[in-house]
Amino acid sequence: MQQKDSAKGHAPGLGLVRKLRSLRFHRDRITDAIGNRIIHPYSDFLMHDIGSGDGIPVLPGADFAATATQIRTAPLWALRTRNRLMHDGLSFTKQEAISRHAGQATAIRTAFDALSVAQKDQVMAFLDSL
């Protein structure tokens, strides 16, 4: 049994998200490890430097020092149900969360900022469908 992708009805916004390449970090399809089902978490669950790391390494020691600036990509599914965003909960709107992305996500944030108001509205409608 496959999980339904609730975002399919928002094709223009999903298309823009794909064009922005934010699915590089927020992957729209993953096969789960248990039932070999396709799920739509909109995450790669990997560590990325997006400029807002919490300063806490994954493990102590020099080998893991670089992870202090990284966070694990949170899944975007059920985004519409959250009132605090980003890993630290300090963003209260999707626009604010997007504007806080830096580091590896700078190019994607810059591309989002360059979208027209109508295109940004399509991306927001897509995110509200998750």
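What follows is calculated from the coordinates using simple rules that are stated; it is not laboratory data. Because the structure is a prediction, the values reported are computed rather than measured. A quick note on method: Cβ atoms are made from the backbone with ideal geometry, for glycine too, and the neighbour counts reach across all protein chains shown.
Quick look at the numbers
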{"quantity": "Extension reserve of the PHE92-ASP63 stretch, reckoned as 0.36 nm per residue once the Cα distance is removed", "calculated": "7.0 nm"}
{"quantity": "For peptides 59-67, 91-99, 71-79, sequence by mean Cβ density within 10 Å, most packed first", "calculated": "71-79, 91-99, 59-67"}
